[in-house]
Structures are given as structure tokens and as C-alpha cells.
Ligand code: ATP
């Protein structure tokens, strides 16, 4: 069992900077959890603490049924895959994949069998005698994966493993990694700043901002019910529309448009995903479209709802033109946030 549990785990660097504020969460056995957030939010620090590459300033970290705060990285039964692959340039692919096993004094025939098995899984069998410099970026990343797999760890840790690859290869590799993780069933923690990677790969996403966990949830929860305006605008491209609104008399209004129900009388921030606003000649919203962004399979219409910027996502078959259009909001598609704190209401 490789459940990972953090109990008020905190990181203060020697210069006094608190990179991770006390964080508590549990990762289930076999789960694929993605830590996502902007540069500097503390996600790598969190991963490095789990790996044992960084001390924990306070709190308790469990992997399986052990407290590992003071356990050496080598004794945590984990395997890490890094962005820069960390391959040995002078060794063949086979030697690179088997390196960790050789260190553990495992007999050569067993190593060869494990390397062969991993290479088959990763489509690397024809490259086993090559050096890393004779491989493409995607193949190198697979070698790094192979090295992690043969160790048969109870936990995989990934630190932005795809960020050196071009967009097309990144899409392909994220499917491969996800499929492999499913097949092996190894608990995995994956760090990225790419919200698409987070959405497509994760069983659950942990969104971080400024050393704080903003939300933990399934991709669907994080996307459709963001816990804060930060999550609403970080997850999704283009981001959720965030409009200044006001609730009064049981109605939420943006300008003179009625959008939603709410019982209290207060200013609030109204969040609506671009794809939840649909052009509709009988719809209640009048939007002035100023720019059409053509994206092949769909289009983005950028414009204003009275004086506030708004973006709508429409299918490629929908006729579009600049100027005023009418639109409706899909049912249950409105998120409301407190203006001051940004937290979901
Ligand atoms: P990125 O995506 O850019 O790698 P990140 O979210 O992974 O960012 P971390 O590397 O975890 O962020 O860093 C979190 C914060 O801690 C940053 O503000 C960083 O400057 C700071 N930090 C990292 N290492 C140290 C250190 N050794 N001493 C002091 N501050 C540090």
C-alpha cells in the first residue's frame, strides 16, 4: 500500500521564506495526483519534500504506513522522473534503464529481464544499444520512465517531465504516461505548471498559489466548481469570465442583466465559462463582439457585456460576426465568489 499522507507539512527555507504553508492531504493508493500552479507557488518544494530531497520544516509525512520525515530519499521506495531526464550520456539505453538495479546488487540476468520488460512496455527495444545523444527527446523521456519502472517503486514522483518536449510530443507522452500509470497502478504525484496536463492526466488535482493549497478535487470539480477566483482563472484556457455583479432582491445582476439567483444583498464576482454562454437570438444577454479568434475546431468571440470584457466559445459551424449578438447562459453554469476574498460563495 502506498498511500501518501501529509499532516500540516510546511517548508520554510533557511532565508526565512515560507514556500509551503502548513498543508494536509492524503493521496490514495494507486491514485494519480497532479500538483499544479504558477511559477513559484511551491509545487516543486512540495514534491521535493515528498521525495526527501528537501527537509520538512514541520508537520508529518507518511508514505505507506511509515513516517518518513527523516528517512533518506534512497530508502523511501520512490522513483523520480525529472524534466531534464538525468540520463548518463556515456551509457547505453539498456545500462541507463538498469542502472538503479545494478546499484542494488541485483543479479545481471534479472536486471536484463527487467530492462527488456520495461523496454517492451515503452517501445524502446530497438534502441537499447544506443546512447542518449542518439535518441529523440520523447525517447529520452521514455528511457527516464523505464529507469523509474524497473525499480518497481511504491511511488512515482514526476517533476515537469514533459516541459522540454514540443507541443505535439507532449500531448502524446502525457497519454503514454497516464496509460502506463493506469497499467502499473503505482501511486503517482506529478508536478506541472500546465493546466491542460493537470486536467487530462489527474485523478485529482491540487491547485497551489503562493504556498497555499487553493483547491483539491477531480478535474471536473476544479473546472466546474472552482473554489476561488484564482482557480477559476488559472484552470481553463481561455479562463472563466469573471464579472462584477451585484445581488439584490433574490437576483444577481451584471449591469442591467439578470443572471442568477442569490438570496443576499451584496456585491459579488460572477464566474461563467466561455463555453457556457451560447449565442441565442432569444437570449437575455446583449454582447458586443469586437474580435473573432479562429481556432479551427471552434472560435472565441471576444467582446463586452455592457462595459465588462467577456469571452464566448462557439462551435465552428455557428455563424459569427462582430457587432451586437444575443446570448444565453446554460443552466447551473454560474459560479459566485466573494469580491474581497475571491472565495466561492
Ligand atoms: P516553478 O514552476 O518555477 O519551478 P514552483 O511552484 O515549483 O515554481 P518552488 O520551486 O517550489 O516553486 O519555489 C517556491 C518558492 O520558494 C519560490 O518563491 C522560490 O523562489 C522559493 N525558493 C525555492 N528554493 C528556495 C531556497 N533554497 N531558498 C529560498 N527560497 C527558495
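At 4 °C and a viscosity of 1.567 mPa s, what translational diffusion coefficient does Stokes-Einstein give for region 63-154, taking Rh as the Kirkwood radius over Cα pairs? Give it in µm²/s as a whole number.
Numbers: Rh = 13.7 Å.
The estimated diffusion coefficient comes to 95 µm²/s.
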When the helices in the chain are scored as -39500 (n - 2.57) per DSSP H run of 4 or longer and the sum is shared across all residues, what 222 nm value do you end up with, to the nearest 500 deg cm²/dmol? -7500 deg cm²/dmol
Rg to Rh quotient for region 216-255, alpha carbon positions, Kirkwood Rh: 1.08
Starting from the Cα of residue 251, step 7 Å along the direction of its Cβ; do the same at residue 91; then give the gap between the two resulting points in nm. 7.0
Could I have the simple spin-label model distance between residue 307 and residue 220, label points 7 Å from Cα toward Cβ, reported in nm to one decimal? 4.0
Find, to one decimal place in angstroms, the Kirkwood hydrodynamic radius of region 1-158, where the mean of 1/r is taken over every pair of different Cα atoms and then inverted. 17.0
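So, R0 is 22 Å and r is the distance between the beta-carbons of residue 82 and residue 183; what FRET efficiency does that work out to, to 0.05? Mind showing how you got there, number by number?
Values: r = 22 Å, r/R0 = 1.00.
After rounding, the FRET efficiency stands at 0.50.
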So in region 146-248, what percent of DSSP beta bridges are antiparallel if you round to the nearest 5? 50
Grab the beta carbon distance between residue 233 and residue 113, set R0 = 45 Å, and tell me the FRET efficiency rounded to 0.05. 0.35
Within 10 Å, count the other beta carbons around each residue, average over each peptide in 231-239, 51-59, 187-195, 258-266, and list them highest first. 187-195, 231-239, 51-59, 258-266
Give me 317, 166 ranked fewest to most by other Cβ atoms within 10 Å of their Cβ, as a rough exposure proxy. 317, 166
Which distance in Å, rounded to a whole number, links the C-alpha centroids of region 166-226 and region 278-326? 30
Suppose the chain between residue 244 and residue 295 were pulled fully straight at 0.36 nm per residue; how much longer would it get relative to their current alpha carbon spacing? 15.6 nm
Could you bin all the Cα-Cα distances of the chain into 10 Å bins starting at 0 and give me the percent of pairs in each, rounded to whole numbers? 5, 22, 26, 21, 15, 9, 3, 0
Share of Cα-Cα pairs in region 175-230 beyond 16 Å, whole percent, is 43
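Just the number, please: percent antiparallel of the DSSP beta bridges in the chain, rounded to the nearest 5.
Counting DSSP beta bridges with both partners in the chain, the antiparallel share is about 75 percent.
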Sorted by Cβ neighbour density within 10 Å, fewest at the top, the residues 147, 170: 170, 147
Can you work out the FRET efficiency for the pair residue 131 and residue 169, with r the C-beta to C-beta distance and R0 = 22 Å, to the nearest 0.05? 0.65
How much length is gained on full extension from residue 65 to residue 12, taking 0.36 nm per residue of separation minus their Cα-Cα distance? 16.5 nm
One point scatterer per Cα, no solvent, Debye formula: log10 I(q)/I(0) for region 107-258 at q = 0.19 Å⁻¹ comes out as -1.19
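Since every read-out is calculated from the coordinates, none of them should be taken as a lab result. Nothing here was measured: the structure is a model prediction, and the numbers come from that model. Cβ atoms come from the backbone with ideal geometry, glycine included; neighbour counts cover every protein chain shown.
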